[in-house]
1. Pull up all non-local amide H partners of Tyr76: gap of 5 or more, or a different chain, and H-to-H distance under 5 Å with H placed in the peptide plane.
2. How many nm separate the modelled label positions at Val62 and Ala30, each set 7 Å beyond the Cα in the direction of the Cβ?
3. Can you give me the pair-distance distribution of segment 18-57, C-alpha pairs, 5 Å bins, whole percents?
Amino acid sequence: MTKQKPLLFPSVPNAPAYLRRMPTKAEVPAGLVVVHNSVRGTPRLGSHGFRAWLARPAAGYVRCDCKWAAHLAVHYRVEQGDRTATARAW
C-alpha cells in the first residue's frame, strides 16, 4: 500500500495553506472551500504556477466551472484582476 502525501504544505503565518494534492470531498473541512488561482488548471498542483488552497468563502472568489476538481461539488477560483484574494485565504 502506498502512503498518501499530507494534504497541505507546512503553513507559513499569514499565508494560504497551499494544497499538496487534490483533496477528497471528505478532506475539505466544514466552512472551507477549495480555491485556485487564475492560472489555467493542471493535473499537477504547482505546475506552471497553478496553486490551490483551502479558504473561507470570500469576495474575490468566484464559482469555477473548470473540470480541474470535478469530483468536488463546488470549487472556486480567484476572480481575474483580484490580487488580494490570496491574502484573504485565512
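Quick note: the coordinates plus some simple rules give every number you see, no bench work behind them. Here the structure is a predicted model, which means the values were calculated and not measured. Every residue, glycine among them, receives a Cβ derived from its backbone with ideal geometry; neighbour counts consider all protein chains shown.
1. Val34, Val35, His36, Cys64
2. Going by the 7 Å Cα→Cβ label model, 3.1 nm.
3. Percent of pairs per bin, in order: 6, 26, 32, 22, 12, 2.
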